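Undergrad: Okay, here's the structure, questions in a sec.
The values are calculated or read from the model by the stated rules, or taken from the named source; none is laboratory data. Predicted, not measured: the structure shown is a model, and the values here were computed from it. Counting neighbours? That spans all protein chains shown, and the Cβs are built from the backbone with ideal geometry, glycine included. Accessible surface is based on the protein model in full, side chains and every heavy atom, while ligands, DNA and RNA are left aside. Shrake-Rupley method; radii C 1.70, N 1.55, O 1.52, S 1.80 Å.
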Amino acid sequence: MNSDSALPLPQPKVGENPPTENSPLQVQLKTEQGKLLLILPTEAETSAQINWQIFCEQLKNRLQGNDRFWQSQMPVHLVAQDRLLDGRHFKAIADTLGNAQLQLQRVYTSRRQTAVAAATAGYAVEQQVVFSSLKTAEVKPDTRLKDPLYVETTVRSGAEIHHPGTVVILGDVNPGGIVVAGGDILVWGRLRGVAHAGSEGNSECRIMALQMQPTQLRIADYVARAPEKPPSQFYPEVAYVTTEGIRITKATDFSKTHLLSNS
């Protein structure tokens, strides 16, 4: 069995009985600080190949049940944990929530593939080892999460990406978009939102973009803003920390300086 296979989408069969209330409960809902948490079980808690139709039906039943303890239009945060989800699964969840006047806004996951799919679908993403409010046991950090996260999409206004390693965006970061990385941030496009590299305190991290027009730059604890007057011509640039704070320079100049200082 391939542990990296995504949850199968509903495949109704002729004569197949739909999931019932007696089916093992796999979907959890809880409110926390003004948001509704939709919690999926870990792969260790259920079969990796569990029928996705059961997830959707149980979610629908919970949303339509008499034990409703949330309000309409409440933001929904999906705690996907280690589940491997793709764009089709996010659409199925969003459609089910939409029928109940709820909107999916943020995804928590420990899987890079799920983080990429969620970001591509336009949701705020936070990749982490565990979800602190749901886990009480101490868990050692998973060093695999330090691998780079590659996202081929535009980070639109209101969308956020959080990753413990380096983040590579093959697209733009629009005003209102936020990218937070424990490592470097590379934007193969226009950076016009907020970028925070070295979020765990590493001031040696860098932020690179083909066109640097950020709302705010942060590297570790250092903060900088772009000049009020944009340049007449743009070049690929690099932001890095010096003794005087964050400095932005042309990528070509940075490469020459960096190579000389390390030669």
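Undergrad: With surrounded by fewer than 19 Cβ atoms within 10 Å (Cβ to Cβ), of a type outside the set (Lys, Arg) and at pLDDT 90 or above as the only criterion, which of 189, 158 stands out?
TA: Sole residue among the options that is surrounded by fewer than 19 Cβ atoms within 10 Å (Cβ to Cβ), of a type outside the set (Lys, Arg) and at pLDDT 90 or above: 189.
Undergrad: Against the condition among the β-branched types (Val, Ile, Thr), closer than 23 Å to residue 123 by Cβ and open to solvent by less than 20 Å² (accessible area, probe 1.4 Å), how does residue 194 come out, does it pass?
TA: no
Undergrad: So residue 205 passes all but one of these: (1) outside any loop (DSSP other than H, G, I, E, B); (2) open to solvent by less than 20 Å² (accessible area, probe 1.4 Å). Which condition number does it fail?
TA: (1)
Undergrad: Exactly one of (1) assigned to a loop (DSSP other than H, G, I, E, B); (2) more than 22 Å from residue 108 (Cα to Cα); (3) in contact with an Asp or Glu (Cβ under 6 Å, 6 or more places away or on another chain) is unmet by residue 189. Its number?
TA: Condition (1) is where residue 189 drops out.
Undergrad: Go through segment 87-100 and report how many residues are within 16 Å of residue 70 (Cβ to Cβ) and open to solvent by 30 Å² or more (accessible area, probe 1.4 Å).
TA: Summing the residues that are within 16 Å of residue 70 (Cβ to Cβ) and open to solvent by 30 Å² or more (accessible area, probe 1.4 Å) in segment 87-100 gives 2.
Undergrad: Among the residues of segment 163-189, which ones are charged (D, E, K, R) and under 14 Å from residue 239 (Cβ atoms)?
TA: Answer for segment 163-189, where residues must be charged (D, E, K, R) and under 14 Å from residue 239 (Cβ atoms): just 184.
Undergrad: Another question, if that's okay. Given the residues 84, 36, which is the only one that is open to solvent by less than 30 Å² (accessible area, probe 1.4 Å), in contact (Cβ under 8 Å) with a residue 40 or more places away in the chain and either in a strand (DSSP E or B) or closer than 18 Å to residue 159 by Cα (or both)?
TA: Going through 84, 36 in turn, just one is open to solvent by less than 30 Å² (accessible area, probe 1.4 Å), in contact (Cβ under 8 Å) with a residue 40 or more places away in the chain and either in a strand (DSSP E or B) or closer than 18 Å to residue 159 by Cα (or both): 36.
Undergrad: Inspect all residues belonging to segment 55-69 and state whether any of them is surrounded by 14 or more Cβ atoms within 10 Å (Cβ to Cβ), at pLDDT below 80 and under 24 Å from the mean Cα position of the chain (by Cα).
TA: Yes, segment 55-69 contains a residue that is surrounded by 14 or more Cβ atoms within 10 Å (Cβ to Cβ), at pLDDT below 80 and under 24 Å from the mean Cα position of the chain (by Cα).
Undergrad: Moving on. Could you tell me whether residue 232 is in a loop (DSSP other than H, G, I, E, B) and either more than 17 Å from residue 150 (Cα to Cα) or in contact (Cβ under 8 Å) with a residue 24 or more places away in the chain (or both)?
TA: Yes: the conditions hold for residue 232.
Undergrad: Still on this structure, I have one more. Can you tell which of 103, 113 is more than 13 Å from the chain's Cα centre (by Cα) and open to solvent by 30 Å² or more (accessible area, probe 1.4 Å)?
TA: Exactly one of 103, 113 is more than 13 Å from the chain's Cα centre (by Cα) and open to solvent by 30 Å² or more (accessible area, probe 1.4 Å), namely 103.
Undergrad: Right, next: Spot the failing condition for residue 194; the list is (1) in contact with a strand residue (DSSP E or B) (Cβ under 7 Å, 6 or more places away or on another chain); (2) on the phi > 0 side of the Ramachandran plot; (3) of a type outside the set (Asp, Glu), and only one is missed.
TA: (2)
Undergrad: Does segment 208-223 hold any residues that are open to solvent by less than 50 Å² (accessible area, probe 1.4 Å) and farther than 18 Å from residue 254 by Cα, and which are they?
TA: 214, 216, 220 - these are the residues of segment 208-223 that are open to solvent by less than 50 Å² (accessible area, probe 1.4 Å) and farther than 18 Å from residue 254 by Cα.
Undergrad: Give me the residue from segment 134-155 that is open to solvent by 30 Å² or more (accessible area, probe 1.4 Å) and either under 14 Å from residue 187 (Cβ atoms) or touching a Phe, Trp or Tyr at 6+ places or on another chain (Cβ under 7 Å) (or both) and, out of that set, modelled with the lowest pLDDT.
TA: 148
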